[in-house]
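In what follows, a single structure is set out as structure tokens and then discussed.
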Amino acid sequence: MIELGQTAFWRATIALALGSFMIFANVYLTQPLLPLLAEDFGISPLLAGWSFTATTLMLGLSLLFYGPLSDALGRRPIMLLTMSGAALTTLALALVRDYPALLALRALQGVFLGGLPAVAIAYMGDEFSKRAVAVAVGLYISGNSLGGIGGRLIGGFVGEWLGWHSAFLAMSGVSLVCLLLFALLLPPSRHFSAGPLRPRRMLADLGMHLRNPALVLVYIIGGLNFFIFVNQYSYITFVLSAAPYQLSPGLLGMLFLTYLSGTVGSTLAGRAALHLGQPRCMALGILLLIVGSLVTLLPGLPAIVLGLLINSFGFFFAHSSASSWVSHNAGRAKASASSLYLVFYYLGASVGGFYLHPFWAAAGWPGVVAGSLLVLGVTLCSALWLAHRRYPRLAAV
């Protein structure tokens, strides 16, 4: 087994963090480009948002089958194949000239982008000692957040300077470099044992989790929180690109640096759960999301940025608590339970824009906040209800 501090540990961990950076940079590349896409193609904000929605939707659905597929074919081959597909589709996106083709390629890209998130932690579990896994997972997740920020910065600044086609071209170059380093650094699997595909067993495990009301409730909490959080960012780009702010795509990309407060939130959530329990931490994070959303209604750009900082801290505080609760309370088949959580999570990102659009059309940003508060009120009550119920193994760990 790979032990903490060994050369193989750093090679594998850096490779997986780079892969994670590449995946999430591609996912979020289009968010600061939404006003440019809407103007270039003459489409509505809702339709422009599909360039993000199609990717997260297909990514979420793909998570269900990559795990079982990797049990039969191996972890490393699945990651390399899907990352290669993602890099090629990014290059193809730089060449498209009509919006339907862009949407089709973004959907296909989402299928490829699901490979590494579905398999990376399973690879660590196969190859690393338990102590090494604990450290490696934290570094891998940092690649997630840095990739999300990096993709938005690349999209914003390159899009402003050279146009959205060039943003995809630049991202294809970044993706190729990450892919080559990943292939060179990631050690081959030495402790993986291939097994047969067992679709019946997989379906039985998924059905078991979906019949567990406590798990389903946490899936819904995580999905609905992301449903609001990530789509607020999509609509705020239209607010800040218009008068009186008129921010450029590059500055819109920098707006996503507010995600860094979420890194702090997710780090503190584990310690807080030892004292409050994970359901109460979920509720606290959702309450902060509500407060942050209300702060964005205050006049001026500093208030909006402050509100988004609070939102990011609260969201990741709640998300970290919810995903940890699922992992520790699923009983058997924990991997499929966590996969289901991520499916709900990314499906939430995919459909939230549709829910918020009528509020946006009716009242602009104050309407988006009002629609957000309705959903966050539901998730807050759900988390508080869960905190006062008694389920086996519900205590924080």
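The values are calculated or read from the model by the stated rules, or taken from the named source; none is laboratory data. Everything quoted here is computed from the prediction, not taken from an experiment. Note: ideal-geometry Cβ built from the backbone for every residue, glycine included; neighbour counts use all protein chains shown.
Some points to look at:
- With respect to the conditions (1) within 15 Å of the chain's Cα centre (by Cα); (2) at pLDDT below 90, GLY110 lacks only one, and its number is (2).
- Test for SER321: is it of a type in the set (S, T, N, Q) and surrounded by fewer than 23 Cβ atoms within 10 Å (Cβ to Cβ): no
- One residue stands out among those in region 231-256 that are within 15 Å of the chain's Cα centre (by Cα) and either surrounded by fewer than 20 Cβ atoms within 10 Å (Cβ to Cβ) or at pLDDT 90 or above (or both): the one that is farthest from PRO302 (Cα to Cα), which is ASN231.
- Test for ALA134: is it at pLDDT 90 or above and either of a type in the set (Gly, Ala, Ser) or within 28 Å of TYR259 (Cα to Cα) (or both): no
- Test: residue in region 39-48 that is surrounded by fewer than 21 Cβ atoms within 10 Å (Cβ to Cβ) and modelled with pLDDT under 90: yes
- Sole residue being at pLDDT 90 or above, farther than 30 Å from LEU73 by Cα and not assigned by TED's automatic domain parsing to the domain that holds THR379, chosen from LEU181, LEU169: LEU169
- Meets criteria (of a type in the set (A, V, I, L, M), part of a helix (DSSP H, G or I) and under 22 Å from the mean Cα position of the chain (by Cα)) for LEU380: yes
- Checked against the criterion of being over 15 Å from the mean Cα position of the chain (by Cα), in a helix (DSSP H, G or I) and of a type in the set (A, V, I, L, M, F, W, C), the candidates LEU61, LEU47, LEU4 yield just one match: LEU47.
- The one condition from (1) in contact (Cβ under 8 Å) with a residue 12 or more places away in the chain; (2) in contact with a Leu (Cβ under 8 Å, 6 or more places away or on another chain) that VAL216 does not meet is (1).
- Only a single item in (1) surrounded by 15 or more Cβ atoms within 10 Å (Cβ to Cβ); (2) part of a helix (DSSP H, G or I); (3) at pLDDT 90 or above is not met by VAL216, and it is number (1).
- Odd one out for MET1 among (1) buried (at least 19 other Cβ atoms within 10 Å of the Cβ); (2) modelled with pLDDT under 90: (1)
- Number of positions in region 293-316 that are farther than 18 Å from PHE256 by Cβ and under 17 Å from the mean Cα position of the chain (by Cα): 0
Residue by residue, here is whether (1) without any contact (Cβ under 8 Å) to a residue 24 or more places away in the chain; (2) under 26 Å from ALA183 (Cα atoms) holds:
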| site | (1), (2) |
| --- | --- |
| LEU36 | no, no |
| GLY42 | yes, no |
| ALA48 | yes, no |
| MET58 | no, yes |
| LEU69 | no, yes |
| SER84 | no, yes |
| ALA107 | no, yes |
| MET124 | no, yes |
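- Test result for PHE182, of a type in the set (Phe, Trp, Tyr), more than 16 Å from GLY253 (Cα to Cα), touching a helix residue (DSSP H, G or I) at 6+ places or on another chain (Cβ under 9 Å) and in a helix (DSSP H, G or I): yes
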